[in-house]
Amino acid sequence: MSTPPTPAAGHSVGVSPHWSKGHDAPHRDLHSSTPSHSTEHLLATASEGSTCSSVSRVSERTYLDAASAEPMHPAAREMLLSAVDSGWADPVRLHHEGRTARLLVDNARAVLAEAVGVRPDELYLTTSGTAAIQSGLTAVRAARSRVGATIVHSAVEHSAVLRTAGEAAAEVGVDRLGRVELDAFTDAVRRPGVAVAALQSANHEVGTRQPIEAAAAAAGDVPLFVDASASVGHDVVPTGWSVLAASAHKWGGPAGIGLLAVKKGTRIAPAWPMDEREDGLSPGFPNVPNALAAAAALQARLAEAEELDKRHRAWIDEVRRRVAADIPDVEVVGDPDDRLPHILTFSCLYVDGEALVTALDAEGFAVSSGSACTSSTLRPSHVLAAMGVLTHGNVRVSLGRDTTHDEVQRFCAVLPGLVQRIRAEVGM
Amino acid sequence: MNVDLDCRGLLCPLPVIKLAKTLPTVAVGDTVTVLADDPAAATDIPAWCRMRSQELVSAGEDQYVVRRVS
């Protein structure tokens, strides 16, 4: 195998969303029978492709959207580059190359399994967190079809859980902080016909932790499915669950790797065409290099976890305090203490969420929003709606491992003026 | 007394902005009835009442009745 193409090295920036629309050349080159070896056009960046005149600001970017995606952890990047060269073969083959790939994926599995508290043979690698949720929930539900098809879930689960639960769902409400109503959950899970109960470890939008141990106790014989995508790598993994899903890109691993941990004794029945991979839970050729990178990222992340937890908790506390003090008519949401370390969400009255995200972006700050006008459906975040908190003017700030205190302070200093300006534009 | 406020077809945060501008024009104890079909209004009008300490008399069927308390 040759070494990876050099243009990829030294760039962690994403491929511009514009290139696929604006240039036909990459497609032609990729499909040409005499391919060009130049891949530079694949790495066109937003600063080159956008019409933004203020290119200088790109170098002063402050990225506060780690809960959506983080740059790959340096340990993962290093691992990926070497694993691309050594772990490309088919791990189910018996030849030397295949056994090498098998050894590597076994190593990755052992590290990832230990991190979420299961044995290696209880951990399956999937193609994303969403795929882990869909296949895991579906396979557990199918195995309990004699009992029933109902999936009990909180109202603030990730949309992948809501979509998988579909019609046969029993939704349980949450309180103003976003925490599931445990009495209602207990009542719902003990009704006849429940195949599986789904509860996230912590909420991906507001950071509030869910009472997993108590929910597991309430569920009794009903398997508890925990979507831990928001928390693995950032917070302690809860106990008591039967099945757990997670996603590598949320802890600085590569995209395209999800984890599905199924505790022994939990019956699963995949209801799709199965192959010999991952006991049928994730069909198709495995991405061994990405699995290794995911494991390297999580291992490195856990080594830093204590320090990052301390830092992020203190800084999120600071943002919470300053946003509430410096901006009138703002609702800071989520549990202030029993929460993920790195996420804070707040909503500003009379402010268009899209306008605020765009204004912050122009000032160099990347944040996300659960407001309706920032969604493709014009529906506000189902999480904020279920909590009964203000959905417009919403901003989620999430800190990454590279975030500095200076960046957090600058965000707190810039935000009030932007909110004031947007309010003034509508006469408020 | 009641004032009707037709916000049908308006997207968030406009219905809440219009409510905030209209409520001070009615007397304390009077109501504003907001007609709003934006899905976000179902959460945001009750949230506004809570944040601004005004009374949500009723909500449903794209219609929200708010009483000026202060």
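Before moving on, here are some points about what is shown:
- By accessible area, using a 1.4 Å probe on protein heavy atoms only, segment A:76-299 has 53% of its surface on carbon and sulfur.
- Computed over segment B:2-67: relative contact order in percent, which uses C-alpha pairs under 8 Å that are six or more apart: 35
- Here the Karplus curve 6.51 cos²θ - 1.76 cosθ + 1.60, taken at θ = phi - 60°, turns the phi angles of segment A:382-388 into couplings of 5, 5, 4, 5, 5, 7, x Hz, with x standing for Gly and Pro.
- C-alpha long axis of helix B:41-51 to longest principal axis of chain B, angle in °: 30
- Applying Stokes-Einstein at 37 °C and 0.692 mPa s to the Kirkwood radius of segment A:315-393, computed over alpha-carbon pairs, gives a translational diffusion coefficient of 249 µm² s⁻¹.
- For B:Ala47, net neighbour charge (Lys/Arg +1, Asp/Glu -1) across residues whose Cβ lies under 15 Å away: -3
- Taking amide H positions as modeled 1.01 Å from N, with prolines and chain starts lacking one, the residues under 5 Å from A:Tyr124 and 5 or more places away or on another chain are A:Leu260, A:Ala261, A:Val262.
- Charge tally in the Cβ shell below 13 Å around B:Glu61, where Lys, Arg are +1 and Asp, Glu are -1, B:Glu61 excluded: -1
- Given charges at Cβ of Lys, Arg, Asp, Glu: chain A dipole, positive-most of A:Ala169, A:Ala214, A:Pro416: A:Ala169
- For segment B:17-60, the solvent-accessible area with a 1.4 angstrom probe is 38 square angstrom per residue.
- Accessible surface buried once A binds B (1.4 Å probe; total of both sides; Å²): 1600
- Surface/4 of the Cα convex hull for chain A, nm²: 22.2
- Per residue, chain A exposes 45 Å² of accessible surface when a 1.4 Å probe is rolled over the protein heavy atoms with every protein chain present.
- Note: relative contact order over chain A, using C-alpha pairs below 8 Å and six or more positions apart, is 19 percent.
- Segment B:20-70: proportion of alpha-carbon pairs further apart than 14 angstrom, %: 43
- Alpha-carbon centroids, segment A:143-220 and segment A:62-140: separation in whole Å: 27
- From phi via Karplus (6.51, -1.76, 1.60), per-residue ³J(HN,Hα) for segment A:213-226 in Hz, x at Gly/Pro: 4, 5, 5, 5, 5, 5, 6, x, 7, 6, x, 9, 9, 10
- Net charge of Cβ neighbours under 9 Å - reference A:Met428; Lys, Arg +1; Asp, Glu -1: 0
- For segment A:193-198, 3J(HN,Hα) computed residue by residue from phi via the Karplus equation (6.51, -1.76, 1.60; θ = phi - 60°) reads x, 8, 7, 7, 10, 10 Hz, glycine and proline entered as x.
- The count of lysine pairs in chain A whose Cα atoms are under 30 Å apart, excluding pairs fewer than 8 places apart on the same chain, comes to 4.
- Cα gyration tensor, segment A:186-291 - rounded (a/c under 1.5), prolate or oblate: oblate
- When peptides A:240-247, B:17-24 are sorted by average Cβ neighbour count within 10 Å, with the highest value leading, the order is A:240-247, B:17-24.
- Burial order of peptide ranges B:58-70, A:124-136, A:68-80 (average beta-carbon count within 10 Å, highest first): A:124-136, A:68-80, B:58-70
- For A:Asn394, the amide hydrogen comes within under 5 Å of the amide hydrogens of A:Cys348, A:Gly353, A:Gly370, A:Ser371, counting only partners 5 or more places away or on other chains and with H modelled in the peptide plane.
- For segment B:17-42, a decrease in accessible area of 40 Å² or greater in the assembled protein chains relative to the isolated chain, with a 1.4 Å probe, applies to B:Ile17, B:Lys21, B:Pro39.
- Calculated P(r) of segment A:76-299 - Cα pairs past 27 Å, %: 31
The values are calculated or read from the model by the stated rules, or taken from the named source; none is laboratory data. If you're wondering where the values come from, they're calculated on a predicted model, not measured in any experiment. All Cβ positions, glycine included, derive from the backbone under ideal geometry; neighbour counts span all protein chains shown. These area figures cover heavy atoms from the full protein model, side chains too; ligands, DNA and RNA do not enter into them. Shrake-Rupley method; radii C 1.70, N 1.55, O 1.52, S 1.80 Å.
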